[in-house]
Amino acid sequence: MNVYPALAIILASSSPVFAAQWAKTFTLVGPPELRLQAEDATIQIVGEDRVDIDARVTTAGWKISDHDVRVVDKLSGNVLDLQVVTPQLNYSFARRSVKVELRVPRGINCEVKGGMHTITVTGVKGNAVLVSKAGVINAIDLDGKLDATTGEGRIRARGRFDVLTMHSGYGAIDVEATARSRMFSAWRITTDDGNITLHVPAGFAADLDLEIDAGHIAVDLPYTIAGSPDQSRVQGKMNGGGEALVLRTSGGNIKVSKK
């Protein structure tokens, strides 16, 4: 286990805000897996044609040390565990921020836990689990399985998906399932308060189960209704039916449209 082994301190003379940076490259053996926890940081992960993981942590208003922001990494074969720990902060007028940037192999399974700030994952293929306490989640150009949850924030996702599980406690969810997306099992997209918009290819087949408490439901693809028509719930077979497509919102609209 290594704690901030590569540390460069940057103090810009033109600004009173102290800045620091930590950077390290990790070589993994076997199919790569990433476990990242950074609850007080903006997180950006980019998939590239590479075999290693390039990690960088940049702070403003913080040092990187045992008594300030700590970076703890543990590499075990093909699994990288990375934690960015920010100390409890008493009230302060100082501007403080932490940003975590990782460049990773495209084919990677990742589990990311954030806090109040944005999580953005771009261009990875595999299983992605993204959890935020109360921040925005952006999952762009993914390929595979996505499980995204935020307690309070918007979720935006685009990619070729096999399995989707998404939930926001308070925020809209916008998903674009690109060509060759298919349902290996049920997809479930829910929000306690917000609109759900799902764009799918023209021939996308599913068993619809859409429900709202207030708002309206719109489906722009051919489907047959199962049961009695209901303004608050739509059940039926879209393009002949398939796995269950479950969409739920307690305070918004649902729209399923052709990409």
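Bear in mind that the values in this text are calculations on the coordinates, not laboratory data. Note that the structure is a prediction, hence the values are computed from the model and not measured. Positions of Cβ are generated from backbone atoms using ideal geometry, with glycine treated the same way; all protein chains shown enter the neighbour counts.
Remark: region 235-241, residue by residue, has Karplus-estimated 3J(HN,Hα) of 10, x, 10, 9, 6, x, x Hz, where x stands for each Gly or Pro and the curve is 6.51 cos²θ - 1.76 cosθ + 1.60 at θ = phi - 60°.
Residues whose amide H falls under 5 Å from that of residue 226, counting only those 5 or more places apart or on a different chain, are 235, 236, 237, with hydrogens built in the peptide plane. For Rg and Dmax of the Cα atoms in Å, which listed value, [x] 20.8, 70; [y] 20.0, 66; [z] 18.2, 58, comes from the coordinates shown? Looking at Rg and Dmax of the Cα atoms in Å for this model, the match is [x]. Residues in region 128-133 carry Karplus couplings, in order, of 10, 10, 10, 10, 10, 5 Hz; the curve used is 6.51 cos²θ - 1.76 cosθ + 1.60 with θ = phi - 60°, and Gly or Pro positions show x.
I need 183, 166, 116 ordered by Cβ neighbour count within 10 Å, fewest first.
116, 183, 166
Let me know the charge dipole size of the chain about its Cα centre in debye, to the nearest 20, where only the beta-carbon of Lys, Arg (+1) and Asp, Glu (-1) is charged. Don't skip to the answer; put the middle values down first.
Working: 29 positive and 29 negative charges, 92 e Å.
With Lys and Arg at +1 and Asp and Glu at -1, about 440 debye.
Going by the alpha-carbon gyration tensor, a ≥ b ≥ c the square roots of its eigenvalues, is region 77-182 rounded (a/c under 1.5) or, if a/c is not under 1.5, prolate (a/b greater than b/c) versus oblate? Oblate is the answer for region 77-182, as a/c is 1.5 or above yet b/c matches or exceeds a/b.
Each of 57, 241, 128 was placed along the dipole of the chain (beta-carbon charges, centred on the mean Cα), and the one lying farthest toward the positive end is 57. Between residue 56 and residue 216, the modelled labels are 4.8 nm apart [label points 7 Å from Cα along Cα→Cβ]. Dividing the convex hull volume of the alpha-carbon atoms in region 199-259 by its residue count gives 67 Å³ per residue. Once C-alpha pairs closer than 8 Å and six or more residues apart are averaged by separation and normalised to the residue number of the chain, the relative contact order reads 13 percent. For region 55-181, the residue among 177, 102, 150 whose Cα projects farthest onto the positive side of the dipole built from Cβ charges is 102. Please report the antiparallel percentage of the DSSP beta bridges confined to region 180-255, to the nearest 5. Once the DSSP bridges in region 180-255 are tallied, antiparallel ones form about 40 percent. Determine the shape class of region 130-259: with a ≥ b ≥ c the square roots of the Cα gyration tensor eigenvalues, call it rounded for a/c under 1.5, and otherwise prolate if a/b is greater than b/c, oblate otherwise. It is oblate, given that a/c is not under 1.5 and a/b is not larger than b/c.
Diffusion coefficient of region 173-233 by Stokes-Einstein, Kirkwood radius over Cα pairs, 25 °C, 0.890 mPa s: 186 µm²/s. In order along region 68-83, the Karplus-derived 3J(HN,Hα) couplings, from 6.51 cos²θ - 1.76 cosθ + 1.60 at θ = phi - 60°, round to 10, 6, 10, 10, 10, 10, 9, 10, 10, x, 9, 10, 10, 9, 9, 10 Hz, and Gly and Pro are given as x. Within the shell defined by Cβ-Cβ distances under 11 Å, the residues around residue 136 carry a net charge of +1, with Lys and Arg each +1 and Asp and Glu each -1. As a calculated quantity, the FRET efficiency between residue 193 and residue 228 at R0 = 25 Å, using C-beta atoms, amounts to about 0.35.
Taking the centroid of alpha carbons for each part, region 203-231 and region 139-187 are 19 Å apart. Placing unit charges on the Cβ atoms of the charged side chains and taking the dipole of region 45-179 about its Cα centre, the candidate lying farthest along the positive direction among 140, 88, 118 is 88.
Projected onto its three principal axes, the C-alpha set of region 149-197 covers 30, 17, 14 Å, listed from the longest axis down.
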